[in-house]
Amino acid sequence: VMPGSEIPEYVALSTSRKDCDVAYSSDYVPVRYSEPTTQPQPQVGVGVCVQTPLFTETGETYEHTKQKLLDFIETNRALGVELITLYYLANIDSRILSFLRDRYAKENLLQVVKWKPFTMNEPLHYFGELLVIQECLFRNLHRVKYLAMIDIDEIVLPYTEQSLGTMMHKLDQDHNGNTASFVFKNVLFYDAKRTDRTSLPGLCQGYKVPKFVQWKLALACQFPYGTRSKVIVRPDLAVELDIHMIVSTVHGLVSRSFNVPQDVAVLAHYRDVPLGECNLDGAKEDRTAMKYREQVLDSLKHNCV
């Protein structure tokens, strides 16, 4: 606690009744707060939290991980995302962290957070995914106005607007600014033709065309809202989140969630292999994401790392 102040700079959880017994305490967590009377305005319009911590999978190469990150970051930049929060486990290839720092450090586009390892079978879900979601929500409180909770093989794809910021502003206004969560239906995208994504002329050496602006086949299988869907939340109105939905909101006249119609936007989920319950029957070409292709490719022609 700073002298003359009752507001702590850091807090920790402890299982010991003894004051400051470090042996039984969690890591110190910085307190990010603002004076209640100031009502701070978020500095970032649209942010993204990657729900699953990054780790190096068995057999995964550095080049594959780098391309996966490029696909996600550059496509979200084109969608109008201003801040992406990534969490990583200790086994991540150190070259990946260097790559992210060298390519994006000057842009304030990324915040990269080291994450405590969890096993896949713990009640906190996939490597502590439930905790990642909560930590990212509160980390971006008073900083980001609209915060998407998605995985690295997903994007929120707007049909009626060019940018996520414009879309979210309209959705928010249409619901009187008191809806905490906007739910997007999951639509699977698949590359049935195994399109060649090798570098185009002019791209940085070794870079490939991101799958988000290459794959166009949308599968017809349908998932109800709340199943495989993801959300964009108002951090100032949300309190607790689950992987696919909001759990609770702040007190007051706040609506918990709104299911965004599929003709307005979807959660576009790009998979190398279709899910067991889905097949190519009834699949249709969806070229919506191609409107971002040139912007994404142009970004991959500069600042080569």
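The values are calculated or read from the model by the stated rules, or taken from the named source; none is laboratory data. Please read all numbers here as calculations on a predicted model, not as lab measurements. When we count neighbours, we look across all protein chains shown, and the Cβ atoms used for this are built from the backbone with ideal geometry, even at glycine. For accessibility, only protein heavy atoms count, side chains too; no ligands or nucleic acids. Shrake-Rupley method; radii C 1.70, N 1.55, O 1.52, S 1.80 Å.
Taking packing as the residue-averaged number of other Cβ atoms within 10 angstrom, the listed peptides 154-163, 245-254 run from highest to lowest as 154-163, 245-254.
Quick check for you: which residues of the stretch 214-229 have the amide N under 13 Å from the point 7 Å beyond the Cα of D263 toward its beta carbon? Under 13 Å, as judged by backbone N against the label point of D263, lies no residue of the stretch 214-229. When only Cα pairs below 8 angstrom with a gap of at least 6 residues are kept, the stretch 56-189 shows a relative contact order of 24 percent. Using C-alpha pairs under 8 Å with a sequence gap of at least 6, the mean separation divided by the residue count of the stretch 209-305 gives a relative contact order of 41 percent. With 27 Å as the limit on Cα-Cα distance, the pairs of K116/K211; K106/K216; K114/K291; K185/K284; K185/K301 that go past it are K116/K211; K106/K216; K114/K291; K185/K301.
Using a simple spin-label model with pseudo-atoms 7 Å out from Cα toward Cβ, Y159 and V11 lie 4.3 nm apart.
On full extension, the segment bounded by E277 and K106 gains 57.2 nm, given 0.36 nm per residue less the C-alpha separation. When the accessible area of the stretch 168-305 is split by element with a 1.4 Å probe, what percent falls to carbon and sulfur? Carbon plus sulfur share of accessible area: 49 percent.
Remark: spin-label model distance Y62-D236 equals 4.4 nm, labels positioned 7 Å along the Cα→Cβ axis.
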